[in-house]
1. Tell me which helices (runs of 4 or more DSSP H) are completely within the range B:30-107 and hold 3 or more residues being free of Cβ contacts under 8 Å to residues at least 12 places away in the same chain and farther than 29 Å from residue B:20 by Cα, or say none if there are none.
2. On the given criteria, is residue B:276 within 25 Å of residue B:104 (Cα to Cα), acidic (Asp, Glu) and either surrounded by fewer than 19 Cβ atoms within 10 Å (Cβ to Cβ) or over 13 Å from the mean Cα position of the chain (by Cα) (or both)?
3. Within the range B:228-237, take every residue that is facing another protein chain (nearest Cβ under 8 Å) and crowded, with 17+ Cβ neighbours inside 10 Å and give me the one that is nearest to residue B:64 (Cα to Cα).
4. May I ask you to verify whether residue A:155 is more than 13 Å from every other protein chain (Cβ to nearest Cβ), in contact with a strand residue (DSSP E or B) (Cβ under 6 Å, 6 or more places away or on another chain), surrounded by fewer than 23 Cβ atoms within 10 Å (Cβ to Cβ) and in contact (Cβ under 8 Å) with a residue 24 or more places away in the chain?
5. Consider the range B:286-297. How many of its residues are in contact with a helix residue (DSSP H, G or I) (Cβ under 8 Å, 6 or more places away or on another chain) and surrounded by 15 or more Cβ atoms within 10 Å (Cβ to Cβ)?
6. Give just the number: which of (1) within 13 Å of residue B:195 (Cα to Cα); (2) in contact (Cβ under 8 Å) with a residue 60 or more places away in the chain; (3) part of a loop (DSSP other than H, G, I, E, B) does residue B:265 not satisfy?
7. Can you spot a residue in the range B:18-35 that is modelled with pLDDT under 85 and of a type in the set (Ser, Thr, Tyr)?
Amino acid sequence: MAWFKRSKENISPDTQKIELPDGLWEKCPECSEIIHKKQLEVNLWTCAKCGYHFRIGSHEYIKILIDKGSFRELDKKMRSADPLQFTDTKKYTDRIDETILKLNLFDAVKTGTGKLNGLSIAFGCMDFKFIGGSMGSVVGEKVARLVDKAYKSKIPLIIVSSSGGARMMEGAFSLMQMAKTSARLARLAQAKIPYISVLTDPTTGGTTASYAMLGDFHIAEPKALIGFAGPRVIKQTIGKDLPAGFQRSEFLLEHGFVDIISPRKELKSTIYNLITLVS
Amino acid sequence: MAKTILDFEKPIYELEAKLEEMRKLSDNLDIDKEIVKIEEKVKQLKEGIYRDLTRWQRVQLARHPERPFTLDYIYNMTENFIELHGDRLFRDDKAIVGGFVQLGDYKVMVIGHQKGRDTKTNLYRNFGMSNPEGYRKALRFMKLAEKFNKPVITMIDTPGAFPGLEAEERGQAEAIAKNLFEMSRLRVPIIVTIIGEGASGGALGIGVGDRILMLENCWYSVISPESCSSILWRSWDYKEQAAEALKLTAPDLLEQKLIDRIIPEPLGGAHKNHQEAAGILKAVLLEELAQLTKIKPEKLIEGRLEKFGKMGAFIE
């Protein structure tokens, strides 16, 4: 008999694998706690055991931050025009159509006005699920118009970012959205209207290098990945492993690029307090 | 340093070598007519090849190691250049250079990415990839120009902002964002010229202005064809398709209305004749300066806001 032949039973995990009915339960990626969806919602999509913040979208952030029934969406049906007739392994127009159908979102940002504890605000929130929360012409234009709304109505601006960066499929058009949004924010700043940028997991690339880093105040959710270049690219460039916690919210706070780290539960009150203190 | 010959340029160099040989022989032989014929052939070949370049071939020309860089343009088209250094916060970034110069009748601030020509100088210049201090250095120079009421001329030539660990620690994203913000409201004219590679936020970080010019054989996009290939095709092998898909050449960008003007290069590319390339650029810059210096600061800023506001394609 070969020396390596297994004499005992196969190695098996200590605990029995729990089969979860689809759609009711979520597993915390951090501590593996199994959480009921209802419970998760009550906890604002954070893990009650370890505090892990699940990635959520505009629908959820509106629930968390905006007073019930007060959100009025702007430019709801604006969608990409595929200016380059871009095709990689898939046609860009097909990618867009499929994503719209699947997510019931028209692009990677939702914008509008609403009340935050009774205060009127201009509010934008990105959806990472929509092609990696990438910024193309639609995101750029909607954000620019939202800034204009804040400017004209003289109301504070709040943008919640989560984005992989500029959208490749619109080439240089996407790049120019960085300049477009930044220019509008410069005008808003001159009118002395507060802008709060909320950075969530993940915010990288062209989005970070434009409106996400141009707030009067930067609030980050705990442990969110925030940076310019992605960690994989940096690792390739320097040929070394990256230190633990690199490009996370706490790292940015330490290096002076974030003002406040706010757990999701305190986000609304933090924003409210900031706005009332400067107005 | 050895001459760099790109694949598609080989037929030209072969024919030129033949021509050179014949010229040597012509002292003893009567082949003048033949020589004239071949000279004509070389010219036609060149015109044909450079007219029908694929997008990927243009990318290669934009990266040509003998291409004029920012300092070459400065030395060839300006006088009294005084190079300034440092961001006053951390250190002097060698990937971005700049200073006040005399350009024709104008005193201007020139700022640009600077690449190296060989391994040693490329390491010194970090291959034209700026760290945050480079963007902050550029901003400091722009603010100086604003203070002394001098127009700003920027030259873009970078494979991207440096994706390093320290760059992230010092806020690469913030540095670029801040420049976009400040350039959009700078109270002096800004003319941006893409002179080589224009890769993403690293390029745009000095790329907001009243006029955006682009040399004939350059590329400007949100990502390099190689990185685009690796992300969308999950392989490095589709760079040529990626270059086609990104539509990143000067004629493409003019059609997309993202640049104002294409600046012609000497036949075969700017690297064939630095002086001629600089001469053409200088004439265009002087023409643009003559117009822009007449406009009041408020109008400039308003115009910039509108200019970038129009960029984009969407359906409502």
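The values are calculated or read from the model by the stated rules, or taken from the named source; none is laboratory data. Not measured: the values here are computed from a predicted model. Methodologically, a virtual Cβ is constructed for each residue, glycine included, from the backbone with ideal geometry; neighbour enumeration extends over all protein chains shown.
1. Values: elements: B:32-51, B:55-62, B:70-77.
In the range B:30-107, no matching helices (runs of 4 or more DSSP H) lie anywhere.
2. Values: within 25 Å of residue B:104 (Cα to Cα): yes; acidic (Asp, Glu): yes; either surrounded by fewer than 19 Cβ atoms within 10 Å (Cβ to Cβ) or over 13 Å from the mean Cα position of the chain (by Cα) (or both): yes.
Answer is yes for this residue.
3. Step one: list which residues in the range B:228-237 are facing another protein chain (nearest Cβ under 8 Å), which gives B:228, B:231-233.
Now restrict to residues that are crowded, with 17+ Cβ neighbours inside 10 Å: B:228, B:232.
Working: B:228: 21, B:232: 26 Å.
Residue satisfying both the conditions and the ranking: B:228.
4. On the way: more than 13 Å from every other protein chain (Cβ to nearest Cβ): yes; in contact with a strand residue (DSSP E or B) (Cβ under 6 Å, 6 or more places away or on another chain): yes; surrounded by fewer than 23 Cβ atoms within 10 Å (Cβ to Cβ): yes; in contact (Cβ under 8 Å) with a residue 24 or more places away in the chain: yes.
Here the answer is yes, as residue A:155 does meet what is asked.
5. Narrowing the range B:286-297 to residues in contact with a helix residue (DSSP H, G or I) (Cβ under 8 Å, 6 or more places away or on another chain): B:292, B:295.
Of the ones still in play, those that are also surrounded by 15 or more Cβ atoms within 10 Å (Cβ to Cβ) are B:292.
Selection size over the range B:286-297: 1.
6. The failed condition is (2).
7. Among the residues of the range B:18-35, at least one is modelled with pLDDT under 85 and of a type in the set (Ser, Thr, Tyr), which makes the answer yes.
Table: residues versus (1) free of Cβ contacts under 8 Å to residues at least 24 places away in the same chain; (2) polar (S, T, N, Q); (3) in contact with an Asp or Glu (Cβ under 7 Å, 6 or more places away or on another chain); (4) surrounded by 15 or more Cβ atoms within 10 Å (Cβ to Cβ).
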{"residue": "A:45", "(1), (2), (3), (4)": "no, no, yes, yes"}
{"residue": "A:51", "(1), (2), (3), (4)": "no, no, no, yes"}
{"residue": "A:57", "(1), (2), (3), (4)": "no, no, yes, yes"}
{"residue": "A:62", "(1), (2), (3), (4)": "no, no, no, yes"}
{"residue": "A:72", "(1), (2), (3), (4)": "no, no, no, no"}
{"residue": "A:78", "(1), (2), (3), (4)": "no, no, yes, yes"}
{"residue": "A:85", "(1), (2), (3), (4)": "yes, yes, no, no"}
{"residue": "A:89", "(1), (2), (3), (4)": "yes, yes, no, no"}
